[in-house]
Amino acid sequence: MRTIDWQGDRVVTIDQTLLPGERRMLELTTVDAVIDAIKRLAIRGAPAIGVAGGLGVAIAAQHAAARGEAVDSPAVRAEAQRVRAARPTAVNLAWAVDRVVARLPEGLDAVVAEATGLIEADARANEALSRRGAAFVRSLVPGGVGVQTHCNAGALACVDWGTALGIVRALHEDGALREVFADETRPLLQGARLTAFELEEMGVRYHVVVDGAGASVIARGLVDVVIVGADRVAANGDVANKIGTYPLALAAARAGVPFVVAAPESTVDLRTPSGADIVIEERDETEVLQWRGHPVAPPGARALNLAFDVTPHDLVTALVTETRVVRLAAGERLVAP
């Protein structure tokens with residue numbers, strides 16, 4: 001079952017807010033429903049929200065055509081911009097929306113074809129990335145590999161396979177995986193809820209560790225490599241990913257453990273010069289101060305809920321995409337493949 005798909009005139013997707021307790025499918029038939037699913041993290045993960053954004057534009061175009069209006073109208077373009085702005089940090093959302101919007105002058109069929117084409121393209125890209133990444137990791141680490149991950153960069157974050165967890169899956173299929181340590185990923189526990197859920201289904205040996213233990217797991221020599229996904233990679237190689245990634249990169253550098261970033265080419269943003277230029281989403285403080293509606297802090301407490309952090313490029317051993325493995329030298333910048 002794919003994380004996100006298209007059925008005729010609607011988006012069908014797993015509601016990730018309910019996992020692992022309940023596996024419920026959502027059917028999204030309006031632009032508002034797509035935006036809501038992205039904002040409340042029912043759909044999450046940079047590649048997945050990119051695909052959802054493209055399909056949201058297709059829904060807007062379909063509704064315009066059903067009303068007898070032009071597909072390439074200011075109203076449809078305005079709806080597309082609403083989708084594009086649903087979350088600011090992950091570049092895949094803007095990338096996918098822009099691709100579909102570019103087809104509006106060609107009519108409804110072209111728009112739907114472009115949007116639905118993102119589904120298969122994402123699945124192919126992430127399988128290729130995963131196998132390329134597994135081969136690279138095996139070149140670094142002989143024998144069984146111990147991996148540490150952060151957040152969820154698996155099939156749930158994409159259409160299928162995943163990025164960082166896709167590499168884990170490929171290592172597992174190759175018989176080269178020893179164990180995975182999955183950071184819980186506060187405040188919404190994407191590691192404990194979602195990565196553990198996927199690892200369980202894979203039949204992989206794993207432990208969930210609290211975020212505060214991540215550096216100690218590395219320092220104790222329990223892992224051979226840290227593999228994370230990304231929401232945006234700047235032209236200089238700086239990486240925006242789920243908050244808590246940067247401390248892992250620091251710990252890995254201190255311990256001499258490779259720190260590998262896995263992301264499709266759609267996540268590489270050559271128009272963003274460095275991590276300093278990436279907009280970091282700040283989410284509602286109740287995500288930190290409450291858990292499922294129950295307070296976990298005093299009534300007067302305030303929270304700074306940064307959703308992402310930026311890992312400087314000099315802490316990244318390599319960037320793995322579906323087409324290449326990039327190891328940037330000092331002062332070098334990323335170029336198109």
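Worth a mention:
- Positive-pole candidate from A215, V204, Y246, dipole of the range 197-270, charges at beta carbon: A215
- Listed peptides 39-46, 51-58, 217-224, 262-269 by packing density, highest first (mean Cβ within 10 Å): 51-58, 262-269, 39-46, 217-224
- Segment R77-H294, extension gain: residue separation times 0.36 nm, minus the distance between their alpha carbons: 74.1 nm
- Take 300-306, 72-78, 155-161 and order them by the average number of nearby Cβ atoms within 10 Å per residue, most first; the result is 155-161, 72-78, 300-306.
- Relative contact order (percent, whole number), the range 159-289, Cα cutoff 8 Å, 6+ residue spacing: 24
- The C-alpha atoms of the chain define a longest principal axis, and helix 74-84 lies at about 10 degrees to it.
- Nearest-ten-degree value, helix 46-66 long axis tilted from longest Cα axis of the chain: 10
- Rounded tilt (10° steps) of 245-255 against the dominant C-alpha axis of the chain: 30
- Relative to the Cα centre, the charge distribution of the range 14-160, modelled as +1 at Lys and Arg Cβ and -1 at Asp and Glu Cβ, gives a dipole magnitude of about 560 debye.
- Placing dummy labels 7 Å off each Cα toward the beta-carbon, the span from T30 to R254 is 5.1 nm.
- Working note: 222 nm ellipticity from helices only, DSSP H runs with n ≥ 4, each -39,500 (n - 2.57), summed and divided by the residues of the chain, gives -11500 deg cm²/dmol to the nearest 500.
- If R0 is 45 Å, the Cβ-Cβ spacing of A102 and R138 corresponds to a FRET efficiency of close to 0.70.
- Part-to-part distance (alpha-carbon centres) for the range 247-316 and the range 135-203, which is given in Å: 18
- Beta bridges per DSSP with both ends in the range 223-337, % antiparallel, nearest 5: 60
- Magnitude of the charge dipole, the range 99-210, Cβ model with Lys/Arg +1 and Asp/Glu -1, debye to 20: 380
- The residue among V268, V101, G331 whose Cα reaches farthest toward the positive pole of the charge dipole of the chain, with charges on the beta-carbon of Lys, Arg, Asp and Glu, is G331.
- Look at the alpha carbon pairs under 8 Å that are at least 6 residues apart: their mean separation over the length of the chain gives a relative contact order of 16 percent.
- Dipole size of the chain about its Cα centre, with +1 on Lys/Arg Cβ and -1 on Asp/Glu Cβ: approximately 520 debye, rounded to the nearest 20.
- Considering only the chain, percent of DSSP beta bridges that pair antiparallel, nearest 5: 50
A short reminder: the numbers here are calculations on the coordinates, not readings from a lab. Just so you know, these numbers come straight off a predicted model, no measurement behind them. Because the Cβ atoms are built from the backbone with ideal geometry, glycine has one as well, and the counts that use them run over all protein chains shown.
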